[in-house]
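The values are calculated or read from the model by the stated rules, or taken from the named source; none is laboratory data. Computed from a predicted structure; not experimentally measured. Positions of Cβ are generated from backbone atoms using ideal geometry, with glycine treated the same way; all protein chains shown enter the neighbour counts. Note: accessible area is taken over every heavy atom of the protein model, side chains too, but ligands, DNA and RNA are not part of it. Shrake-Rupley method; radii C 1.70, N 1.55, O 1.52, S 1.80 Å.
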Amino acid sequence: MVHRAEYLPPTGTSIGSILQGGYNHQLSREWQNPRQLTKNMFIFPLFMSDIDDEETEMVHLPKMKRFGVNKIVKYVDGLVKKGLRAVILFGVIKDEDKDEVGTKADDPEGPVIKTIKLLRENFPDLFIMCDVCLCEYTSHGHCGVLLEDGSLNREQSTLRLGKVAVNYAKAGANCVAPSDMVDGRVKDIKLGLINENLAHKCLLMSYSAKFSGGLYGPFRDTVGSQPSHGDRRSYQLPTGGAGLARRALKRDIEEGTDAIIVKPSTFYLDVLKDAAEICKDYPICAYHVSGEYAMLHAAAEKGVVDLKAIAFESHYGLLRAGATLIISYFTPDFLDWLDQ
Ligand code: PBG
Ligand code: ZN
């Protein structure tokens, strides 16, 4: 005979207090994730130089290289074979080719437009995104066109950015992603796409919540876009500005964006969570930026963390906060690490 008393929990234990049976196996631990990291959510940054044969390692971005058009197809081919679905292009040009308005940003013979065409031809299914900004192409290194006093000329900037985006879309880009943070550029880019009959073919993914701060250093070394005077604080958001970020997210939706980016990622998980709520009907992309990548590599090199484990932990953090897409320099690693 079994006694009821044997079925009472031991003193001090309630029936809901035992959780560990729910995750004591590797598989049941994986079942705890509302969503899994998958290859199709990764977007890989490619730095395209105007030196056609270039293939240079980058000092502060371990394992990343700057490529010329003659070297890129072979490299991307290897990644596509491992399951790469999307890239985002950045252009790098010589200082002497830069001017006040960033004329070279959409030069038909420039590295970005040449790369769009080349990748389109060689990888018809690859999703080709283009970062839209002027800082890689302006003599002053700022993200827009400037007034006499060195501050942003908003109107001229958004018109110029709209033109650049349209020219990327015309060349075959699947997506244009403005990272400049000039007020009103999403609207001008969308209008440009509509007027040129491109709006149905090109996704507009706005860097809506982009913060200024110390995490873009390795990127700026790579593309040579340090501003020659001042900084980007008048257009990129202040670190504490979660409220401003919410306003910018709403504004960009009003202006016709199709998806949004939060950047940087790890230090801004609250903003990512806000974005997932405010933009709940939109793809939410987290940009794990150059400084975040470089820091994890540096920590791994020092023996402070295990690189693969910390990459998974940080990227699962982004998913948990609400990201559905991730721009990451770890993309080639994840293509090796993930099964699908
Ligand atoms: C261009 C741009 C930047 C990044 C993406 N697009 C640099 C900046 O705004 O200074 C940063 C990406 C990274 O650090 O990985 N505006
Ligand atoms: Zn810029």
Requested in this report: Give, as residue ranges, the strands (runs of 3 or more DSSP E) completely inside the range 60-157 that count at least 1 residues that are within 16 Å of ligand 2 (Cβ to nearest atom), within 23 Å of residue 236 (Cβ to Cβ) and open to solvent by 10 Å² or more (accessible area, probe 1.4 Å).
Outcome: 86-92, 127-132
Query raised in the report: Condition test on residue 286, is it open to solvent by 20 Å² or more (accessible area, probe 1.4 Å), modelled with pLDDT of 95 or more and within 24 Å of residue 63 (Cβ to Cβ)?
Result: no
Requested in this report: Write out, first by first residue and then by second, each pair whose Cβ atoms fall under 7 Å of each other, whose residues are 6+ apart or on separate chains, and whose first residue, in the range 283-310, is among the basic types (Lys, Arg) while the second is open to solvent by 10 Å² or more (accessible area, probe 1.4 Å).
Outcome: 308/337
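Have a look at 176, 182, 166 and point out the one that is more than 25 Å from residue 65 (Cα to Cα) and within 16 Å of ligand 1 (Cβ to nearest atom).
182
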Report task. Just one of (1) farther than 21 Å from residue 87 by Cβ; (2) touching a strand residue (DSSP E or B) at 6+ places or on another chain (Cβ under 7 Å) trips up residue 316, so point out which. Result -> (2)
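Residue by residue, here is whether (1) open to solvent by 20 Å² or more (accessible area, probe 1.4 Å); (2) without any contact (Cβ under 8 Å) to a residue 24 or more places away in the chain; (3) touching a Phe, Trp or Tyr at 6+ places or on another chain (Cβ under 6 Å) holds:
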{"residue": "189", "(1), (2), (3)": "no, no, no"}
{"residue": "214", "(1), (2), (3)": "yes, no, no"}
{"residue": "229", "(1), (2), (3)": "yes, no, no"}
{"residue": "233", "(1), (2), (3)": "yes, yes, no"}
{"residue": "237", "(1), (2), (3)": "no, no, yes"}
{"residue": "241", "(1), (2), (3)": "no, no, no"}
{"residue": "270", "(1), (2), (3)": "yes, no, no"}
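Matching residues to (1) open to solvent by 100 Å² or more (accessible area, probe 1.4 Å); (2) outside any strand (DSSP E or B); (3) touching a helix residue (DSSP H, G or I) at 6+ places or on another chain (Cβ under 8 Å); (4) at pLDDT 95 or above:
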position	(1), (2), (3), (4)
33	no, yes, yes, no
40	no, yes, no, yes
46	no, no, yes, yes
56	no, no, no, yes
Requested in this report: For the range 194-212, name all the residues that are within 13 Å of ligand 2 (Cβ to nearest atom) and either assigned to a strand (DSSP E or B) or without any contact (Cβ under 8 Å) to a residue 24 or more places away in the chain (or both).
Outcome: 207, 210
Requested in this report: Assess whether residue 254 counts as being touching a residue at least 12 places away in the same chain (Cβ under 8 Å), away from ligand 1 (no atom under 16 Å from the Cβ) and among the charged types (D, E, K, R).
Outcome: no
Report task. Would you check if residue 243 is over 20 Å from the mean Cα position of the chain (by Cα), of a type outside the set (A, V, I, L, M), assigned to a helix (DSSP H, G or I) and farther than 26 Å from residue 138 by Cβ? Result -> yes
Requested in this report: From (1) surrounded by fewer than 23 Cβ atoms within 10 Å (Cβ to Cβ); (2) in contact (Cβ under 8 Å) with a residue 24 or more places away in the chain, pick out the condition that doesn't hold for residue 169.
Outcome: (1)
Report task. From the list 281, 274, 221, pick out the single residue that is farther than 23 Å from residue 176 by Cβ and open to solvent by 70 Å² or more (accessible area, probe 1.4 Å). Result -> 221
**Report entry** Residue in the range 257-267 that is nearest to residue 202 (Cα to Cα), counting only those that are open to solvent by 20 Å² or more (accessible area, probe 1.4 Å) and out of contact with any strand residue (DSSP E or B) (no Cβ under 6 Å at 6 or more places or on another chain)
**Finding:** 266
Query raised in the report: Just for the range 297-308: of the residues that are of a type outside the set (Gly, Ala, Ser) and in contact with a strand residue (DSSP E or B) (Cβ under 9 Å, 6 or more places away or on another chain), which one is surrounded by the most Cβ atoms within 10 Å (Cβ to Cβ)?
Result: 297
